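A short write-up of the structure that comes next.
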Amino acid sequence: MSTLMIPGVPTYLYYISVFFVMIISFFLFVKFPSSKRNPSHYRTLDLLQWRWIERWAKSGIFQAIVRLLVAFLFVMVILTGLFGIQDSGKNLSTILTWVIWWIVLVLFILFAGKLWCYLCPWDAIATWIDKLHLWKVKKSIFSLEKRWPRKLRNIYLATFLFLVLTWLELGWGVTTKPAITAYLALLMLFLTIFSIVVFDRKSFCRYGCLIGRISGLYALIAPIEVRSRAKSVCASCKTKDCFKGNAKGYGCPTYEYLGKMEKNTYCIMCMECIRSCEKENVAINIRPFGVDLLKVHQAQEDEAALLLVMLAMTSFHGLTMTPLWFAWTGWLEEWFGVGYMAAFTIGMIASLIVVPLFYFLVMVVTWIVLEKTISFMELILKTAYVFLPIALFYHLAHNVMHFAMEGEKIVSVVSDPFNWGWNLFGTALRPVGPLMSIYTVWYLQVFFIIIGHVWSLYIGHRVAIHLYESKKSLKAEFPMVVAVIVYSLISLYLVAQPMEMRSSM
């Protein structure tokens, strides 16, 4: 395993980007319209009006076929990780997981929402084991069907698992260890099977799956949703088959009731409600991007906590690949007399403190400006969602470098997944190079960060109108605008630093 230092965004582009961020911020701050329209009212296009899409959505056989293909790739990740060459740059396990899937997943969520859950190999294998069938609606064979513990009916467990994965990924370097990657994949499968065997429905998917909960928050931005066509039809329905299930489909695995569901957070797009609803009152809608972020009346404490953790960890992820980080950790090692892992852990904990603390101080200033006319906790919870676009688009800006520099490895590795001298598709000896030029990467990074910045400003403006009343909104909104600028400038600073690619090229 070797490392390669990739240059960051050049100085001229960095300063131009900073200039645009400042100009855009203050221009939009003054010019944003004071719209008070209901965030629940927006135009949609129901995809199920086309019969072939409806047949696809209702077909358990089609889902089983797609899941079998994804499950095959999952099994290959396990086998190549355990029995293939332990070189992350030549092993299918690490390349497919960390260079392709882990990076493309965010872009997939941005446009397709929670559709990954429809494909999920962990849930697929666990369900097949429990039902002993690939697609038919059958009663559970092995499950004890206990209720998920009341104290854990939140997403703090998923938040904890996300932090553990971040520590393993960045501190221990699991992305460069094929065997450990395979063990992590098996651990997720074990947790999913254990949940299905012990608890009712798919409790782990709702409360514990770190992939599901992160994608659940990012899916608030996605332009696709599963919703009821008419709330009045749901209100008059006596059977509630979408929630309870019937012979055609299971009840909602994550305890969502379509008649009241307004956000994407916990819907896993499993299509069971489409199969079970006798009144055909379910739609898969194309909608405007980001409309769920405006529904701050449904803000939750555990979601806001995960969102702030995500905001801290996305920036932290970029920081750990810069020369500045190695200078800091070197200083910590010398000052405290500890090794790198201890210094890394100290830095990670510091990031988890600094980012939420800065957000807390901004909210204190905002609350004082508002003359304490609203609850401080309400202000903290409902404003947290404003920063989700910044987290998501910095995530994309950071990952585009990895994908561009390392993504082409998959072409050669698929021909020789174990590095045993195979050449299945005739591409094993193909030279590996970047998928795009470094200049294209730089401009994409800046583009993503500015898009996230503008989007957060817009969401912040709409949330301010909802919370602050028109007379106070401009003055009270100013601290939040400053916070959005600070986070965006940090993102630009990070992409302007040289990035260490931690796998062999």
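The values are calculated or read from the model by the stated rules, or taken from the named source; none is laboratory data. Just so we're clear, the structure is a prediction, and the values are computed from it rather than from any experiment. In this analysis, Cβ positions are derived from the backbone assuming ideal geometry, glycine residues included, and neighbour counts consider all displayed protein chains.
Tabulated data
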| quantity | calculated |
| --- | --- |
| Residue, surrounded by the fewest Cβ atoms within 10 Å (Cβ to Cβ), within the stretch 247-268, restricted to residues that are under 20 Å from D200 (Cβ atoms) and either outside the structural domain of G208 (by TED's automatic domain parsing) or in contact (Cβ under 8 Å) with a residue 60 or more places away in the chain (or both) | A247 |
| So S315, is it among the hydroxyl-bearing types (S, T, Y), outside the structural domain of E225 (by TED's automatic domain parsing) and touching a Phe, Trp or Tyr at 6+ places or on another chain (Cβ under 6 Å) | no |
| Qualifying residue in the stretch 221-233 (condition: part of a loop (DSSP other than H, G, I, E, B), among the small types (G, A, S), assigned by TED's automatic domain parsing to the domain that holds V106 and modelled with pLDDT of 95 or more) | yes |
| Test: residue in the stretch 178-185 that is of a type in the set (G, A, S), under 19 Å from M310 (Cα atoms) and either surrounded by 21 or more Cβ atoms within 10 Å (Cβ to Cβ) or touching a Ser or Thr at 6+ places or on another chain (Cβ under 6 Å) (or both) | no |
| Within the stretch 85-103, tally of residues that are of a type outside the set (S, T, Y), under 12 Å from E406 (Cβ atoms) and part of a helix (DSSP H, G or I) | 7 |
| Single unsatisfied condition, C242 versus (1) in a loop (DSSP other than H, G, I, E, B); (2) closer than 26 Å to K138 by Cβ | (1) |
| Entirely in the stretch 119-201, the helices (runs of 4 or more DSSP H) that have 2 or more residues that are out of contact with any Pro (no Cβ under 8 Å at 6 or more places or on another chain) and small (G, A, S) | 121-131, 178-198 |
| Criterion: surrounded by fewer than 23 Cβ atoms within 10 Å (Cβ to Cβ) and either touching a residue at least 24 places away in the same chain (Cβ under 8 Å) or not assigned by TED's automatic domain parsing to the domain that holds M313 (or both) - qualifying residue of L429, L381 | L381 |
| Residues of the stretch 448-473 satisfying the condition of being more than 23 Å from S40 (Cα to Cα) and without any contact (Cβ under 8 Å) to a residue 40 or more places away in the chain | K471 |
| Which numbered condition F29 misses (of (1) in contact with a strand residue (DSSP E or B) (Cβ under 8 Å, 6 or more places away or on another chain); (2) in a helix (DSSP H, G or I); (3) modelled with pLDDT under 95) | (1) |
| Residue within the stretch 285-303 that is in a helix (DSSP H, G or I), free of Cβ contacts under 8 Å to residues at least 40 places away in the same chain and either assigned by TED's automatic domain parsing to the domain that holds L467 or surrounded by 20 or more Cβ atoms within 10 Å (Cβ to Cβ) (or both) present | no |
| Candidate set: the stretch 74-125, residues that are under 20 Å from Y394 (Cβ atoms) and aromatic (F, W, Y); chosen: the one surrounded by the most Cβ atoms within 10 Å (Cβ to Cβ) | W98 |
| Within the stretch 44-81, tally of residues that are outside any helix (DSSP H, G or I) and within 24 Å of the chain's Cα centre (by Cα) | 1 |
